[in-house]
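The next block holds one structure in the form of structure tokens; read it before the comments.
The values are calculated or read from the model by the stated rules, or taken from the named source; none is laboratory data. These numbers come from a predicted model, not from an experiment. Positions of Cβ are backbone-derived with ideal geometry, glycine not excepted, and every protein chain shown enters the neighbour counts.
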Amino acid sequence: MKDERLDLSPLDPVQDELRWRRLAARIRERAMPELARRAGREGVLGTLGHWAWPTAAAAALVALMSGSALALIRPPEVMAHVVQAFDLEAPVSVWLLEDRAPTTDDLALALERDR
Amino acid sequence: MTEADAVLVGRARGGDADAFDEIVRRHMRAAYAVALSVVLEPADAEDVVQDAFISALERLDSCQPDRFAAWLMRIVRNRAISHHRRRRVRQSEPLEWAGSVTSGDDPRADLDRARLRERLIEAMEPLPARQREVLLLHDLEGWRHREIGEALGMKEGTVRYTLFQARRAVRERLGYEETRKEEES
């Protein structure tokens, strides 16, 4: 039994090229609102995306610089201001100016002095 | 070099009209073949193709980009089945395609083509829809057995056998029509 390809060319829609092009154009036209919606959604997300990274990077840089600056100026200047502003007395003022936590001996000595 | 479907799908998801145009251009014929295999009327098949592409665009996010063709053909088939059911309910409507699908350049050639088209469709009508689909995708659209198998979820051997059955049935029916016409004249 022969099994050659059937000639189905009379069913080929592209034979009527103009009609075929019109069909493609109609699909394109009907697709425009959805494509615009998708492009808009992509636009908002894209804009946010474009802003988010530089903004986050800038914020990280500012935080790094501020931290470094505070670390550099804290012992001599900031702590002195803090001691002065709150009128702190020894031994608390000493602990702050020396930037250290009180030891057990410091606490025992402070309590001894208050008695 | 042509872009892969997956790339075009990705671009179309972002609203790229050129990418969507390319998808339509690339898959419109196959979509038409699948639609025609169900509705058996060119004008209806065109309507189905239109609706199916718009539906596919709206649901593009749910598609697996590297399996786009198979996914699209499923949408086309489902749309065509719904359309065909509705059409059968409105059976009294006239069949407008035979006269309307013409190039306009040569009315006689258009008429001959319309007759051939009608005969082919009549010969395919008794076939199961799956046989018609395989036949149209292969012999009209030029898809390979492997491609048809991937799109329709069939083994390549099954596609070959289905195609063989479809061709034999159409040939027999066309031969029967020829004999009948000769006897009538």
remark   = Filtering the stretch B:25-41 down to residues that are more than 25 Å from B:Arg130 (Cβ to Cβ) and crowded, with 18+ Cβ neighbours inside 10 Å yields none
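Quick check on this structure: which one of B:Asp61, B:Asp106, B:Asp51 is at pLDDT 90 or above and more than 16 Å from the chain's Cα centre (by Cα)?
Details: B:Asp106 fails: at pLDDT 90 or above; B:Asp51 fails: more than 16 Å from the chain's Cα centre (by Cα).
Answer to the check: B:Asp61.
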request  = Could you look through the stretch A:76-105, keep only residues that are in contact (Cβ under 8 Å) with a residue 12 or more places away in the chain and in a loop (DSSP other than H, G, I, E, B), and pick out the one that is surrounded by the fewest Cβ atoms within 10 Å (Cβ to Cβ)?
outcome  = A:Asp99
ask   = With respect to the numbered conditions (1) outside any helix (DSSP H, G or I); (2) surrounded by fewer than 17 Cβ atoms within 10 Å (Cβ to Cβ), which one is the sole condition not fulfilled by B:Gly10?
value = (1)
ask   = Of the numbered conditions (1) modelled with pLDDT under 75; (2) under 39 Å from the mean Cα position of the chain (by Cα), A:Leu61 satisfies every one except a single condition; which is it?
value = (1)
query = Looking only at the stretch B:46-61, which residues are out of contact with any Lys or Arg (no Cβ under 6 Å at 6 or more places or on another chain) and either more than 14 Å from chain A (Cβ to nearest Cβ) or of a type in the set (Asp, Glu) (or both)?
reply = B:Glu46, B:Asp47, B:Glu58, B:Asp61
